[in-house]
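Let me begin by presenting the structure, written as structure tokens, before commenting on it.
The values are calculated or read from the model by the stated rules, or taken from the named source; none is laboratory data. All of these numbers come straight from a predicted model, not from anything done at the bench. Cβ coordinates were reconstructed from backbone atoms using ideal geometry, including for glycine residues, and neighbour counts include every protein chain displayed.
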Amino acid sequence: MKEGILNFIEKQSKKAKEFVMSKDLWVFLFFLMVSAILWLMQASSEKGETTIQIPIQYEEIPEGFCKSEQLCPSLEITVNDQWQTLFGYHAKMAFAFLGYGFDTIKIGRDKLQEGKNLIYSKSFEGKLKEQLNANTKIESYNPDTIRVSIFKIEKKTVPVKLVGNITLRPQYIQIGTVQISPNEVEIFGTKEVLNKIDSLETVQADSLFEDIFENTTKIVPLRKNENISFHESQVQVDVMAEQVTEKSIDVVAINTKNVPHNMTLRTFPSSVGVKCKVGVSNWDKVAPSSFTLVVDYKKIMESKSNKATVEIIGSAEGVFDVSLHPDQVEFIVETKTE
């Protein structure tokens, strides 16, 4: 029982100590708060400097004109006054989203003319002082000059350029050129900007044209450009493709060139075989007349060889990987008799 009484007394003693410590803490905090208030009252009566921001609103740009540069969003002014007044200015900025902020500086048609406009920040001093305490002194402005360039909007028509590679499935070829609709777009901007633009590009489109093996149509967005405007946001791109087949023609005549008028050049044989690749839709259209083969007299004389190389100087559209069999022939050169 004696031990129980001692434990009880010990617990009560601890509680008393904790209470005293807690009381001392609250007393300390109270005097700290009083000291802080007194310091703030003392400090607020002293003068200082701070920077406040006044938003700028650009309005009433004449129709048919545009701003050609990044505009200054706000005017910074350095002011001097008692700290309690300066604290009020910062509170006003902090609660601007509630509608208690500074009134915007409005730059309208009366201050904006075509070309480069220089507006001195000091010209707004009268309106700024209406929002400030009578004893507040404006020390400086940043920037001291607001620059706004206004230029007449002009129009230009430029071709659309597809950006990206077209990847075909093995044994397939592209037929014709890529068709873009519309293939030209009207763009609007300042003359200076338009002079630097020769085409309007699409976004990177590699992923849209992979493993192409048939006629394919895709809608491709146009790449945005902050310096110009245009009505179209996308274009239609058509790619035609088909399977490749091989074709052989046994007899294609050999022509000659650069032969002097008093000489005759004969080749043996007078024709060779041609092998080529072509899309299946053009297979029937490929004929001996689809190729132009020649032997060049000048090159024969320069090489001093006993055989002449047959050159391919022309082939039908859509034909590729053309090879000759044989690609060299024997020849004789004769003088014409009158």
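Tabulated results
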| quantity | calculated |
| --- | --- |
| Counted residues, the stretch 174-194 - those being in a strand (DSSP E or B) and under 21 Å from Lys218 (Cα atoms) | 10 |
| Filter pass, Asp144 being assigned by TED's automatic domain parsing to the domain that holds Ile56 and closer than 24 Å to Lys47 by Cβ | yes |
| Members of the stretch 315-338 found to be exposed (fewer than 11 other Cβ atoms within 10 Å of the Cβ) and in contact with a Ser or Thr (Cβ under 7 Å, 6 or more places away or on another chain), listed by number | Glu334, Lys336 |
| Filter result for Phe209 (surrounded by fewer than 17 Cβ atoms within 10 Å (Cβ to Cβ), in contact (Cβ under 8 Å) with a residue 40 or more places away in the chain, under 22 Å from Gln174 (Cβ atoms) and out of contact with any Asp or Glu (no Cβ under 6 Å at 6 or more places or on another chain)) | no |
| The lone exception for Asn225 - which of (1) surrounded by 13 or more Cβ atoms within 10 Å (Cβ to Cβ); (2) in a strand (DSSP E or B) it fails | (2) |
| Per-region count, the stretch 168-206, residues free of Cβ contacts under 8 Å to residues at least 60 places away in the same chain and on the phi > 0 side of the Ramachandran plot | 0 |
| Checking Glu130 against (1) under 38 Å from the mean Cα position of the chain (by Cα); (2) free of Cβ contacts under 8 Å to residues at least 24 places away in the same chain, the condition it does not meet | (1) |
| Boolean, Val239 is over 26 Å from Ile313 (Cβ atoms), β-branched (Val, Ile, Thr), assigned by TED's automatic domain parsing to the domain that holds Leu168 and in contact with a Phe, Trp or Tyr (Cβ under 9 Å, 6 or more places away or on another chain) | yes |
| Conditions (1) out of contact with any Lys or Arg (no Cβ under 9 Å at 6 or more places or on another chain); (2) of a type outside the set (Gly, Ala, Ser); (3) at pLDDT 90 or above; (4) buried (at least 16 other Cβ atoms within 10 Å of the Cβ); number of the one not met by Leu128 | (3) |
| Boolean, Ser181 is surrounded by 14 or more Cβ atoms within 10 Å (Cβ to Cβ), touching a strand residue (DSSP E or B) at 6+ places or on another chain (Cβ under 9 Å) and among the small types (Gly, Ala, Ser) | no |
| In the stretch 61-115, residue modelled with the lowest pLDDT [restricted to those that are farther than 16 Å from Thr51 by Cα and of a type in the set (A, V, I, L, M)] | Ile61 |
| Of residues in the stretch 269-291 being among the polar types (S, T, N, Q) and surrounded by 14 or more Cβ atoms within 10 Å (Cβ to Cβ), the one modelled with the lowest pLDDT | Asn282 |
| Total residues in the stretch 295-311, condition of a type outside the set (Asp, Glu) and buried (at least 17 other Cβ atoms within 10 Å of the Cβ) | 5 |
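Table: residues versus (1) farther than 29 Å from Leu168 by Cα; (2) aliphatic (A, V, I, L, M).
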| position | (1), (2) |
| --- | --- |
| Asp238 | no, no |
| Lys247 | no, no |
| Pro269 | yes, no |
| Ser290 | no, no |
| Val319 | no, yes |
| Ile332 | yes, yes |
